[in-house]
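Some notes on the structure that comes next.
The values are calculated or read from the model by the stated rules, or taken from the named source; none is laboratory data. These numbers were taken from a predicted model, which means no experiment stands behind them. With ideal geometry, Cβ positions are generated from the backbone for all residues, glycine too; neighbour counts draw on all protein chains shown.
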Amino acid sequence: MLEINNIEVHMGGQPIVRDISLRVIRGEMLGLLGPNGAGKSTLLRSILQLIPVQHGSVELEGRPTDTIPIQQRARTIAYVPQQGPVNWPLTVERLVALGRLPHLPAWQRPSRRDQEIVERILIETDLSHLKYRSATTLSGGERTRALLGRALAVDAPLLLADEPVAALDPAHQLQIMQLLRGYSSAGHAVIVVMHDLTLAARYCHRLALMHEGLLVANGSAREVLNAENLANVYNINARFGEDDDFYIIPWERVADRS
Amino acid sequence: MSISRLLTSLGLLVLVLMLISINLGTGQVNMFDLLNSDQGNAVRLILLEIRLPRTLIAAVAGASFGICGAAMQGLLRNPLASPGLIGSSSGAALGAVTVLYLGLGQTFWLLMPFGGMLGALIAMVLVYVLAGRDASIVTIVLAGIAINSLALALMSLILNLAPSPYAVREIVLWTLGSVTNLGMNDLWVLLPPTVLGWLLFAGTGQGLDLLTLGEDTAHSMGVNLGLLRSRIFLAVALSIGAAVSITGAIGFIGLVIPHLLRPLVAYQPGRLLPVSALGGAAMLLAADIVVRLMPPGPEIRIGVLTAVVGAPFFLFLILKTRRWQI
């Protein structure tokens, strides 16, 4: 679905993403991990052509992203940025319904099917009771769910989510991770940037660990989140859970080894 | 209220105001006299050459002010934006006044609206360049103030250099805005750039709706931001430039109307465009009717009326907005 080959991305003249190659297929949820400043958000933004790519290529279903017409790309990739604004006090329902716009020509009103999709997503994100509330009056967590709902409404084959559960309470964190996992199982490709190692390990099919613009590890949770990587990349050591309940609890900081 | 019902209601309001406007005035003439053909040329003259163009121009110019306000507020994602804020009105006024001063208005009258459009476009581009690409509303306001001041300074210069006190008076009164003494020729001059501007606005609704989510998300959903911006700037320059060069600078419609009507479209920027056009037409027609109903004396310019009503309203909006959390 998505193939990134040796890309380099600069911001402010500095290489933030230095040499990354990555592949994600439909039906797969990839957790993109790494310390702050590793280049995770920059990587996502470069996939969307929000930042130009210096070297290398990004391909969607075999086509370089810069050859795909902008409207088609909008139907193919859905994006939930970190802390996205809501500039007008739309109702939650209308906010989520914005996700259907890439499928509608300029003049067309949302169809019955569009409305059904929006209804379903409101239920899945536990927002039905807030349907007619102004989006600007929501709590942080409710708003995150609404913005994620908007992205799910696009029903795009690839979903890019930048820290979607950071502001949520534990119950909603689990719910959203479940939702994302379900979305990928339904045949979509998902890349989710996160910091919660346990949630990433439990819900993602595969993890990719970035450090200073490079890909340090790419594979299963156990392969990627071993003690050595945690120490080198995050400067922490952690307590690990048993075989069936794999959890990772950051336990203490270690000396910076970089 | 559904959008179609809202548009129909506003459309009817505009129609009613237009009928009132046509039937109002000295001479006790109304539409039905037109059917009475023994009244003859005087009736035709009053209705068709004096009142009808005035009414239509008020409607068209008012609609332009309204839709430009809605478009700028949608683009800048701020309910305090208006054509006046970003310099388009004063730029248009300066452009048209320059043409007036140079006497070119007499030789080729298409030059006035052209001057207005060019002035509006230059002013907006200057504000945009001054404020920078990802400017906050504060920066835009400051840049707008700077360019508005510059335009005012240049207009003062022109007044200073004007050949006669009569010319000064003309220019000053013209910048206060008026729809009197306008004929069908003025309407024909107004229409082409206005219609072109409105057509450009027509496809921008979806882009403005998506900007609710911020520029990055809008981009990810297929909005070409540079194109949207250029399109709206051009549309504003064409419609405001033409309107201001015919009627003078009439302020506050572009600010007040979108603000009032936004709750009626559930705050959706795209739907606000046609709704503000109708609202703006209604407001300017109503203001013109009020001006004509005033007791005899010095003529109250329509721009003065909209300012006297609009400025307190603007203050009220600011107070209300403070509680709203933009």
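So the values come out like this:
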| item | result |
| --- | --- |
| Pair list, Cβ under 9 Å, 6 or more apart: the stretch A:204-231 residue under 23 Å from A:Ile176 (Cα atoms) and at pLDDT 90 or above, other residue polar (S, T, N, Q) and outside any strand (DSSP E or B) | A:Cys204/A:Ser184; A:His205/A:Ser184; A:His205/A:Ser220; A:Arg206/A:Ser220; A:Leu207/A:Ser220; A:Leu209/A:Asn229 |
| All helices (runs of 4 or more DSSP H) inside the stretch B:81-171 with 2 or more residues being closer than 15 Å to B:Gly248 by Cα | B:88-101, B:111-131, B:137-161 |
| Test: residue in the stretch A:119-126 that is over 20 Å from A:Leu179 (Cβ atoms) and either modelled with pLDDT under 95 or within 12 Å of chain B (Cβ to nearest Cβ) (or both) | no |
| Strands (runs of 3 or more DSSP E) lying entirely in the stretch A:13-87 (those with 2 or more residues that are under 23 Å from A:Leu207 (Cα atoms) and at pLDDT 95 or above) | A:29-33, A:77-80 |
| Checking B:Arg229 against (1) in a helix (DSSP H, G or I); (2) under 25 Å from B:Glu49 (Cβ atoms), the condition it does not meet | (2) |
| Qualifying residue in the stretch A:162-173 (condition: within 14 Å of another protein chain (Cβ to nearest Cβ) and not in a loop (DSSP other than H, G, I, E, B)) | yes |
| Where B:Lys320 falls short, out of the listed (1) more than 20 Å from the chain's Cα centre (by Cα); (2) over 21 Å from A:Leu101 (Cα atoms); (3) not in a helix (DSSP H, G or I) | (3) |
| Count of residues meeting criterion [among the β-branched types (Val, Ile, Thr) and not in a strand (DSSP E or B)] in the stretch A:205-258 | 3 |
| Cβ-Cβ under 8 Å pairs, at least 6 apart or on other chains, the stretch B:207-224 side facing chain A (nearest Cβ under 7 Å), far side in a helix (DSSP H, G or I) and basic (Lys, Arg) | B:Leu213/A:Arg150; B:Asp216/A:Arg45; B:Gly222/A:Arg73; B:Gly222/A:Arg75 |
| Residue check for A:Gln82: more than 8 Å from every other protein chain (Cβ to nearest Cβ), surrounded by fewer than 19 Cβ atoms within 10 Å (Cβ to Cβ) and touching a helix residue (DSSP H, G or I) at 6+ places or on another chain (Cβ under 8 Å) | yes |
| Sole exception among (1) under 17 Å from the mean Cα position of the chain (by Cα); (2) of a type in the set (Gly, Ala, Ser); (3) surrounded by fewer than 23 Cβ atoms within 10 Å (Cβ to Cβ); (4) within 11 Å of chain B (Cβ to nearest Cβ) for A:Gly27, by number | (4) |
| Of the criteria (1) at negative phi; (2) acidic (Asp, Glu); (3) touching a residue at least 60 places away in the same chain (Cβ under 8 Å), which one A:Glu242 fails | (3) |
| Test: residue in the stretch A:96-114 that is hydrophobic (A, V, I, L, M, F, W, C), out of contact with any Gly (no Cβ under 8 Å at 6 or more places or on another chain) and more than 9 Å from chain B (Cβ to nearest Cβ) | yes |
| Residue check, A:Ile68 more than 18 Å from A:Ala153 (Cβ to Cβ) and within 13 Å of chain B (Cβ to nearest Cβ) | yes |
| From the options A:Gln72, A:Gln49, residue that is within 18 Å of the chain's Cα centre (by Cα) and among the polar types (S, T, N, Q) | A:Gln49 |
| Only one of B:Gly251, B:Gly279, B:Gly310, B:Gly303 that is in contact (Cβ under 8 Å) with a residue 24 or more places away in the chain, more than 14 Å from chain A (Cβ to nearest Cβ), within 16 Å of the chain's Cα centre (by Cα) and not in a helix (DSSP H, G or I) | B:Gly251 |
